[in-house]
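Asks: Input: one structure, supplied below.
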Amino acid sequence: MIAPSLLSADFARLADEAAAVAGEPGEGADWLHVDVMDAHFVPNLTLGLPVVEALLAATTVPLDCHLMIDDPDRWAIGYAEAGAYNVTVHVEAAKDPVTLAKNLRAAGAKAGLSVKPGTPLEPYLEILRHYDTLLVMSVEPGFGGQSFLPDVLEKVRTARRLVDTGHLTLLVEIDGGINADTIEAAAEAGVDCFVAGSAIYGADDPGRAVQALRERVLGASAHRHWSG
Ligand code: DX5
Ligand code: ZN
């Protein structure tokens, strides 16, 4: 799955930017990734619930809301109630992540848990049983256009193993520095869903960039199966 990140889109034309990657069914973006930042959990400030509500009315592509905010226990539920498909909170910010996941699911959304590059997975394996997606950050959250941190692929491999052996049931998502040069390594490590901002919205044709990334993933997955 490919999830273009609107962080690198033109904020004055979000509906057009969403349409630019929507494509034909089965070809375009699977999710649209929306980065919510509060200038507290991360140093940057982006957009919040009113803009997400406007986007929900403007596109049929499911919204993948990545909340880089303090106190998600209080604020995440609004995104689920508004109709976001997947709502991801940071484990470093959540006070009661199990209750939070239950509330998100009860509101009709998928529940996502994100870990910063320096945050290990091991302490959170029980909590992850309550989640539908695991978002592994491959840059420090806050800004687009940073370089991919390959060390996080070890966490992807761990999560992939736990999913493949039936210990967890979730989708493994990666976010940060994903482009034509890095996406194959992420695919081979076992990522299911690839977020890409600058690699898609920095391209002349964002729709074509989605297809090009998908082709790279399909090539890499074939390699993963052949090599066992
Ligand atoms: C960064 C955001 C990412 C960002 C990725 O904190 O979470 O979603 O858009 O941008 P690129 O793909 O340019 O690294
Ligand atoms: Zn993000």
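The values are calculated or read from the model by the stated rules, or taken from the named source; none is laboratory data. Since the model is a prediction, treat every value here as computed from it, not as a measurement. Here the Cβ is made from the backbone with ideal geometry for all residues, glycine too, and neighbour counts use every protein chain on show.
Asks: Keeping to segment 135-178, report how many residues are closer than 20 Å to CYS65 by Cα, within 14 Å of ligand 1 (Cβ to nearest atom) and hydrophobic (A, V, I, L, M, F, W, C).
Replies: Looking only at that region, the number is 7.
Asks: Another question, then. Just to be sure I understand the filter: pairs with C-beta atoms under 6 Å, separated by 6 or more residues or on different chains, first member in segment 132-155 and modelled with pLDDT of 95 or more, second member part of a helix (DSSP H, G or I) and within 7 Å of ligand 1 (Cβ to nearest atom). Which pairs pass?
Replies: Listed by first residue and then by second, the contacts come to GLY144/LEU7; GLY144/SER8; GLY144/SER198; GLY145/SER198.
Asks: OK, next. Being β-branched (Val, Ile, Thr), within 16 Å of ligand 1 (Cβ to nearest atom) and surrounded by 15 or more Cβ atoms within 10 Å (Cβ to Cβ) is the requirement here; does VAL195 meet it?
Replies: Yes; evaluated as a whole, the condition is true for this residue.
Asks: Looking at (1) surrounded by fewer than 22 Cβ atoms within 10 Å (Cβ to Cβ); (2) of a type outside the set (Asp, Glu); (3) more than 16 Å from ligand 2 (Cβ to nearest atom), which one does GLY142 not meet, given that it meets all the others?
Replies: Condition (3) is where GLY142 drops out.
Asks: Are any of the residues in segment 123-135 among the hydrophobic types (A, V, I, L, M, F, W, C), away from ligand 2 (no atom under 14 Å from the Cβ) and in a strand (DSSP E or B)?
Replies: No, the conditions are met nowhere in segment 123-135.
Asks: Now for a separate question. Suppose the filter is at pLDDT below 95 and either within 19 Å of ARG129 (Cα to Cα) or more than 15 Å from ligand 1 (Cβ to nearest atom) (or both); does PRO62 pass it?
Replies: no
Residue by residue, here is whether (1) under 17 Å from GLY144 (Cβ atoms); (2) more than 16 Å from ligand 1 (Cβ to nearest atom); (3) in contact with a His (Cβ under 8 Å, 6 or more places away or on another chain) holds:
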site	(1), (2), (3)
PRO4	yes, no, yes
LEU47	yes, no, no
VAL52	no, no, no
LYS102	no, yes, yes
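Asks: Can you name every residue in segment 155-185 that is buried (at least 24 other Cβ atoms within 10 Å of the Cβ) and either basic (Lys, Arg) or more than 25 Å from ALA109 (Cα to Cα) (or both)?
Replies: GLY177, ILE178, ILE183
Asks: Consider segment 145-158. How many of its residues are part of a loop (DSSP other than H, G, I, E, B) and either under 14 Å from the mean Cα position of the chain (by Cα) or away from ligand 2 (no atom under 16 Å from the Cβ) (or both)?
Replies: Number of matching residues: 0.
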